[in-house]
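Below is one structure, written out as structure tokens; the observations come after it.
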Amino acid sequence: NTCLIHFIKRLFIKMDEVKAELAGRLERLILCKEMLEDNKQETQMVLGELSGELAQIRMSMAKQRNIAHLIQTQIQAAARMTELLNTYEKRMKDCKANIPVGARKQNIPISTNETSNKGKENKKQNETTNKNGSKDVTPQPGNKSSIDQVEFISIPEFDSVPKYMKGRVQFATMNSAVEDINTALDEKYTFLARTFANMSTITEKKRFKNLKSQENKSTAGVQFITADDLKGAQVLKF
């Protein structure tokens, strides 16, 4: 019985809420009816204005939808372009990694520790003035142009290797060996170009004397390397 009483109370409460909602709606309908019957001409004008504004809102919304569609299309195109650029960049990296050693541009930096005063002295010693007043500049031992470099093997040269030997040698390996030789030459004669007076440590002075002791009349004017110079080589290890 108690549950039934509570149920009936909740039912009456809900009915009161529904009654209040219906009364509010009925009041609004009556108000609208009074407004329509009060001045029909003015009401029609207002409705016409509202209809015009609604049409403009619809047109504006259509334009905004077109703009949104265009932006979405551009975003998709940009995403495709980004994907293509990433693919292109990856291919370029793969191509660069697979370039034969002989086809790579060789940039051999030459660095010296000579002071500015020593540089001026070398400049004076290497510049000679002839009778006409013109100057002939003799290349210095430390210049890049004065260090001999072994030429890399070209593909036609490699193709001329007999077939029975091609199984034992590879194009990249041979040019890596050439690169080892050039690196050793560059490192050795860049070091010697500093002269004994510019050696800063005892180890450097000992090495300088040792390298100079290897020279004789038969090697005069010739640049060469020994097995000791190739200890740090990647391919030509002794």
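The residues of segment 1-15 that are open to solvent by 100 Å² or more (accessible area, probe 1.4 Å) and either within 60 Å of the chain's Cα centre (by Cα) or at pLDDT 70 or above (or both), listed by number, are Lys9, Arg10, Phe12, Lys14, Met15. Any residue that is in a helix (DSSP H, G or I) and at pLDDT below 85 - is there at least one of those in segment 125-141? Scanning segment 125-141, I find at least one residue that is in a helix (DSSP H, G or I) and at pLDDT below 85, so the answer is yes.
Conditions tested, residue by residue: (1) outside any helix (DSSP H, G or I); (2) open to solvent by 40 Å² or more (accessible area, probe 1.4 Å); (3) among the hydroxyl-bearing types (Ser, Thr, Tyr); (4) closer than 29 Å to Asn98 by Cβ.
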site: Pro156; (1), (2), (3), (4): no, yes, no, yes
site: Val169; (1), (2), (3), (4): yes, yes, no, yes
site: Met174; (1), (2), (3), (4): no, yes, no, yes
site: Asp180; (1), (2), (3), (4): no, no, no, yes
site: Thr203; (1), (2), (3), (4): no, yes, yes, no
site: Leu211; (1), (2), (3), (4): no, no, no, no
site: Gln223; (1), (2), (3), (4): yes, yes, no, no
site: Lys237; (1), (2), (3), (4): yes, yes, no, yes
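Against the list (1) open to solvent by 70 Å² or more (accessible area, probe 1.4 Å); (2) out of contact with any Phe, Trp or Tyr (no Cβ under 8 Å at 6 or more places or on another chain), the condition Lys231 fails is (2). In the set (1) within 33 Å of the chain's Cα centre (by Cα); (2) surrounded by 18 or more Cβ atoms within 10 Å (Cβ to Cβ); (3) not hydroxyl-bearing (Ser, Thr, Tyr), the condition left unmet by Lys188 is number (1).
The values are calculated or read from the model by the stated rules, or taken from the named source; none is laboratory data. The structure displayed is predicted, hence computed values, not measured ones. Every residue, glycine among them, receives a Cβ derived from its backbone with ideal geometry; neighbour counts consider all protein chains shown. Surface areas here come from the heavy atoms of the whole protein model, side chains and all, with no ligands, DNA or RNA. Shrake-Rupley method; radii C 1.70, N 1.55, O 1.52, S 1.80 Å.
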